[in-house]
Every structure is written in structure tokens, then in C-alpha cells.
Amino acid sequence: MGAELAGRRQRKPVYVEICIRASMDRVWMLSQDPALHPRWDLRFSRIVPVAGDGQDPVHFQYEFRLPFHTIRGTGTSLGHRSRDDGQATSVLKFDTSDVLSPIGAGSGYWRYIPSEDGLRFVTGYNYRPGMGPVGEALDARVFRPVLGWATALSFDRLRLWAESHVDPRDSRNRWILDAAGRAAALLGSGHVLLKVLSGKGSGRTTILAAGLLVSAFLPPHKTVPRASRCRRQPLDSRAARVPSAVDGLPSPSAAARQRA
């Protein structure tokens, strides 16, 4: 990633890509507007721009609300839409002093790549684990996979919003109902199968158990977001290449000193 992460090659960056059948203008608006971004992105509860004019880096503050605590941090970002090939990029650096944040200082990028099928929306980011030794121990096995899943699910929520105007709150509720239904089907099938194995069931009971089990693994409705719709490995090396603008972007602390 950026220069501050160059010595940490052993940490695999998070990479997520999805194809969105919508215009560049719409996807750019939904992803770059700080009021709209947190509506679909599970990684943020609130984003507040502090300074920036669209040409210079934008300094912002972000929040992630937990049940009993709100993680707060700062960041800088800069977007570019002037490439001759129609592509666009956005780069950012972020940091937090919150000891409960599993993510410390990091950097990343978004790429908007026009294609025959629509728009390839790509992100790659890396970070230094937070939470001290606990974060270091849990990052590769717990925090990083969860962040990758949350990013992918968020990208599919953005896709549904951009393509079909499905509000992110509605897609979230549909995901919760779908997950609850599948969990209930699995529990129900397990309960019925125990009856069958104990000799208390009948042929109909076996059919019921099989039906419940099958229903738990049916493909979701097209309006239910799924992390599995995203690509987690790059199609080409260029998509995964970190833009050079990341290195030139000031860190949040440096941006704060400049403003002071």
C-alpha cells in the first residue's frame, strides 16, 4: 500500500471487485458523497468532511458505532476523474487513536473501470492492526476476513442501489430476514432429523427434514445482497496495483497540521 505500509508485505491486502450495471456518474455519486457513502458501507456509520475543495485532498472524520462504543478516526482522500480512458480513481489514508479499533493506520483506493458489462468497481486496502498484541494475533484469522466479507456485502448493497434503486436499508433488512430464515430452516431440519434417527419419525417426517434442509441452501432472491457476488481476487494485475497517488497523499495527522 502506501509508504507507511511498504514494510508489511506479509499482510495480504483486502481486495474486492464487483460489476455494476450503472453509469459512472451514479456510482461516483453514491460512493463519493459523504452523506450517501455510510448508507451502503457497513464499515462506516458516519463520515464528516472537515476540509477540502475537490481538487486538494479532503480531510474527514469517520465513525463506526458499536453497541456500547463508537470508534472514531480521521482520514484524507482524493478523487480523480480526468483520465483519457474513462477510468476514475479515489485514494485515501486513514488512522485512529482508539485502542478498541481492530484497524490502525492504513491506506487504500477505489477504481472505477468501464467495461462491456458495466462498471468494474474495485477496492484494495491494507492497514496496521490495532488493539495491540491482541489485534496482531487475531488480524489474519478473524478481523481481516470479517472486513473482507463486510466490504463485499457492502459492494453488493451499492450495486443493488445503483442498478435497481433498492435502498440500502431495505437490502439490509432483506439480508437479515434471509439469514434468519436459513438459520431457522437448518435448526428445524436438525430437530426433525433427530426425531427420525431416534425412531420417532415417519416417512413424512423424513421428507419434511429434507425439504427444510434444501430450503436452507436455496439461491437467495436477486434483491438480497450477497458477499459471494464479489470477486476477491483481481482479474488483472493493473486492477490490484496501488495508484501512485497514495504515496503522495498526506496522512491524516499531516493534513491536520497543515490546516492548523
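The values are calculated or read from the model by the stated rules, or taken from the named source; none is laboratory data. These figures come from a predicted structure and were not determined experimentally. Cβ coordinates were reconstructed from backbone atoms using ideal geometry, including for glycine residues, and neighbour counts include every protein chain displayed.
Taking region 203-228 as the search range and keeping residues that are of a type outside the set (A, V, I, L, M, F, W, C) and at pLDDT 85 or above, which one is surrounded by the most Cβ atoms within 10 Å (Cβ to Cβ)?
Of region 203-228, the ones of a type outside the set (A, V, I, L, M, F, W, C) are 203-206, 211, 215, 219-223, 225-226, 228.
Adding the requirement that they be at pLDDT 85 or above leaves 219-223, 225-226, 228.
Working: P219: 7, P220: 16, H221: 9, K222: 10, T223: 13, P225: 26, R226: 16, S228: 12.
Among those that are of a type outside the set (A, V, I, L, M, F, W, C) and at pLDDT 85 or above, it is P225.
Only one of (1) closer than 26 Å to V27 by Cβ; (2) outside the structural domain of D25 (by TED's automatic domain parsing) is not met by A180, so which one is it?
(1)
Scan region 43-62 and give yes if some residue there is assigned to a loop (DSSP other than H, G, I, E, B), out of contact with any strand residue (DSSP E or B) (no Cβ under 6 Å at 6 or more places or on another chain) and in contact (Cβ under 8 Å) with a residue 60 or more places away in the chain, otherwise no. Steps first, please.
Narrowing region 43-62 to residues assigned to a loop (DSSP other than H, G, I, E, B): 43-45, 52-57.
Pick out the ones that are also out of contact with any strand residue (DSSP E or B) (no Cβ under 6 Å at 6 or more places or on another chain) and you get 43, 53-56.
Next, only the ones that are in contact (Cβ under 8 Å) with a residue 60 or more places away in the chain stay: 43.
Taking every residue of region 43-62 in turn, at least one turns out to be assigned to a loop (DSSP other than H, G, I, E, B), out of contact with any strand residue (DSSP E or B) (no Cβ under 6 Å at 6 or more places or on another chain) and in contact (Cβ under 8 Å) with a residue 60 or more places away in the chain.
Name the single residue, out of those in region 82-98 being more than 15 Å from V122 (Cβ to Cβ) and within 22 Å of the chain's Cα centre (by Cα), that is surrounded by the most Cβ atoms within 10 Å (Cβ to Cβ).
Going residue by residue through region 82-98, those that are more than 15 Å from V122 (Cβ to Cβ) are 82, 84, 93-98.
Adding the requirement that they be within 22 Å of the chain's Cα centre (by Cα) leaves 93-98.
Working: K93: 29, F94: 21, D95: 22, T96: 21, S97: 11, D98: 17.
The residue in question is K93.
In the same structural domain as H80 (by TED's automatic domain parsing), crowded, with 22+ Cβ neighbours inside 10 Å and closer than 22 Å to A216 by Cα: does that describe L153?
Numbers: in the same structural domain as H80 (by TED's automatic domain parsing): yes; crowded, with 22+ Cβ neighbours inside 10 Å: yes; closer than 22 Å to A216 by Cα: yes.
When the stated conditions are applied, L153 passes them.
If I filter region 240-251 down to residues being within 21 Å of the chain's Cα centre (by Cα) and surrounded by 16 or more Cβ atoms within 10 Å (Cβ to Cβ), which single residue comes out as modelled with the lowest pLDDT?
Let us first name the residues in region 240-251 that are within 21 Å of the chain's Cα centre (by Cα), namely 240-243, 246.
From what's left, surrounded by 16 or more Cβ atoms within 10 Å (Cβ to Cβ): 240, 242-243, 246.
Working: A240: 88, V242: 92, P243: 92, V246: 92.
Per the criteria, the residue is A240.
Got at least one residue in region 155-175 being among the small types (G, A, S), assigned to a helix (DSSP H, G or I) and in contact with a Gly (Cβ under 9 Å, 6 or more places away or on another chain)?
Residues of region 155-175 that are among the small types (G, A, S), as a first pass: 162, 164, 171.
Those still in the list that are assigned to a helix (DSSP H, G or I) too: 162, 164, 171.
Restricting the remaining residues to those that are in contact with a Gly (Cβ under 9 Å, 6 or more places away or on another chain) gives none.
Among the residues of region 155-175, not one is among the small types (G, A, S), assigned to a helix (DSSP H, G or I) and in contact with a Gly (Cβ under 9 Å, 6 or more places away or on another chain), which makes the answer no.
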